[in-house]
Amino acid sequence: MKVRTRSSAIIGTLCVVAGLAFANASANEPADGPANSQQKAAAAVALKEVGQAENPAAGTAGPGDSVWIAERPGRVRVLGPDGLGEPVLDITDETTIDGERGLLGVAFDKDFAHFYIMFTDLEGTSTLDEFAVEDGKLNEDSRRTVLTQEQPYDNHNGGQIAFGPDGMLYIALGDGGSGGDPDGNGQKLDTLLGKILRIDPAGGGEEPYKIPDDNPFVGQEGARGEIWSYGLRNPWRFSFDAENGDLYIGDVGQSAWEEIDRQPADSKGGENYGWNQMEGNHVFREGTEPENHVPPMHEYGRDDLACSVTGGFVYRGEKLPDLKGQYLFSDYCDGTVRALQMEDGKVVGESDLGVNGGEVVSFAQGPDKELYVLDIGGTISRIDPAA
């Protein structure tokens, strides 16, 4: 078991990549205790170190049996049986790691024909780029920019990208930063900030991408057609259930409540998760709960070290049968890996898996559906059965 240690040097360097809500919390907004939930016996698991990286920030299943890891300063490395290889991509001269910026997301399309990166450029603009993949290698000459979004502040950039079961690319963008969403971007439909987007990067023809015709706000005056769901503060890691396609979102709270949202696979989009009128199930400051607010599947308060949720995955691997169908997640400051038991999309129990991943900034799912935990301090671990 890894012992939790707090590294002030890492935190100072990162300005806390995962949107650390405590940086934005005001002194008169005390943390509340955790939401009550039934505690269940945890599966016996261990964290096996499989690699070391420079600030690993994201990962995705790659061609063959590989896992591709993004390092926040701007490199991508492939994780193999002997650890991480040499960089297959290096954009360190194109990105900034000020605040919560950097190389924050990576994804392959379903055929591993294209590779996508989400990073903040030297001006702080969130940038989505595409590379063709040939024989398992990136063709850097094929690189093109698909989407950009200016960021008014250096926090809450989001950055998660993933292809859904429908073959569309989903993109998470935070509310623009600062604290409390001063511009109200979470509830505005004329901006991409504070949203999850859905686009077709391969169908745009002469345009860099196509907006799917069945997106919920297509044709609505004053709304951006790319928007799939809204009312998000900093959706720090979302994922699709590999078995049924449900979407899970870890959204970082402002000062008191961290939340995990669930969107069923048959959703038509358009969900409003409430920010900045709501923080979890609670009215934020002087806000008013929107009539169409979709409450979180799960929330927890700021007790002890907890400060910033890191969304994970529903476990669909084979090594840990007792965890099948449970949603695993963590918290950047607490580091404990936890699991939510669910029935019919409802949480019926929560367990502490008894392992600590350090400053957990992300999870990654391998081709075999086994899960990896990324500690921004450098360690990449796989969740294995306890010996």
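Does region 357-372 include one or more residues that are assigned to a strand (DSSP E or B), small (G, A, S) and touching a residue at least 12 places away in the same chain (Cβ under 8 Å)? The answer is yes, given that some residue of region 357-372 is assigned to a strand (DSSP E or B), small (G, A, S) and touching a residue at least 12 places away in the same chain (Cβ under 8 Å).
Taken together, the residues in region 336-349 that are open to solvent by less than 10 Å² (accessible area, probe 1.4 Å) and over 20 Å from F238 (Cβ atoms) amount to 1. Restricting attention to region 341-374, the residues that are small (G, A, S) and at pLDDT below 95 add up to 1. Within region 143-185, if we keep just the residues that are closer than 12 Å to Y116 by Cβ and more than 19 Å from the chain's Cα centre (by Cα), the residue that is surrounded by the most Cβ atoms within 10 Å (Cβ to Cβ) turns out to be V146.
Does R77 meet the test of being crowded, with 22+ Cβ neighbours inside 10 Å, closer than 22 Å to V373 by Cα and within 15 Å of the chain's Cα centre (by Cα)?
no
Applying the condition of being farther than 15 Å from R75 by Cα and either aromatic (F, W, Y) or modelled with pLDDT under 95 (or both) to region 111-142 and asking which residue is most open to solvent (accessible area, probe 1.4 Å) yields D135.
Scanning region 231-264 for residues that are over 12 Å from the mean Cα position of the chain (by Cα), of a type outside the set (D, E) and farther than 23 Å from G177 by Cβ yields A242, N244, G245, R262, Q263, P264. Taken over region 323-349, the criterion of being over 22 Å from A386 (Cβ atoms) and without any contact (Cβ under 8 Å) to a residue 60 or more places away in the chain is satisfied by M342, E343, D344, K346. Return yes when E286 is of a type in the set (D, E) and either without any contact (Cβ under 8 Å) to a residue 24 or more places away in the chain or under 28 Å from N356 (Cα atoms) (or both) and no when it is not. Spelling it out, E286 is indeed of a type in the set (D, E) and either without any contact (Cβ under 8 Å) to a residue 24 or more places away in the chain or under 28 Å from N356 (Cα atoms) (or both). Taken over region 50-72, residues that are within 16 Å of R101 (Cα to Cα) and open to solvent by less than 20 Å² (accessible area, probe 1.4 Å) amount to 6.
Of everything listed in (1) in a loop (DSSP other than H, G, I, E, B); (2) in contact with a His (Cβ under 7 Å, 6 or more places away or on another chain); (3) under 20 Å from E226 (Cα atoms), the single unmet condition for D190 is (2). Taking (1) closer than 20 Å to V373 by Cα; (2) modelled with pLDDT of 95 or more; (3) open to solvent by less than 30 Å² (accessible area, probe 1.4 Å) in turn, A306 satisfies each apart from (2).
In region 134-149, is there at least one residue being free of Cβ contacts under 8 Å to residues at least 40 places away in the same chain, within 26 Å of L247 (Cβ to Cβ) and touching a strand residue (DSSP E or B) at 6+ places or on another chain (Cβ under 6 Å)?
Looking through region 134-149, at least one residue is free of Cβ contacts under 8 Å to residues at least 40 places away in the same chain, within 26 Å of L247 (Cβ to Cβ) and touching a strand residue (DSSP E or B) at 6+ places or on another chain (Cβ under 6 Å).
So, restricting to strands (runs of 3 or more DSSP E) that lie completely within region 219-270, which ones have at least 2 residues that are touching a strand residue (DSSP E or B) at 6+ places or on another chain (Cβ under 7 Å) and open to solvent by 10 Å² or more (accessible area, probe 1.4 Å)?
So the answer is 227-230, 257-263.
The values are calculated or read from the model by the stated rules, or taken from the named source; none is laboratory data. Everything numeric in this text was worked out from a predicted model, so none of it was measured. All Cβ positions, glycine included, derive from the backbone under ideal geometry; neighbour counts span all protein chains shown. These accessible areas exclude ligands, DNA and RNA; they are computed on the full protein's heavy atoms, side chains included. Shrake-Rupley method; radii C 1.70, N 1.55, O 1.52, S 1.80 Å.
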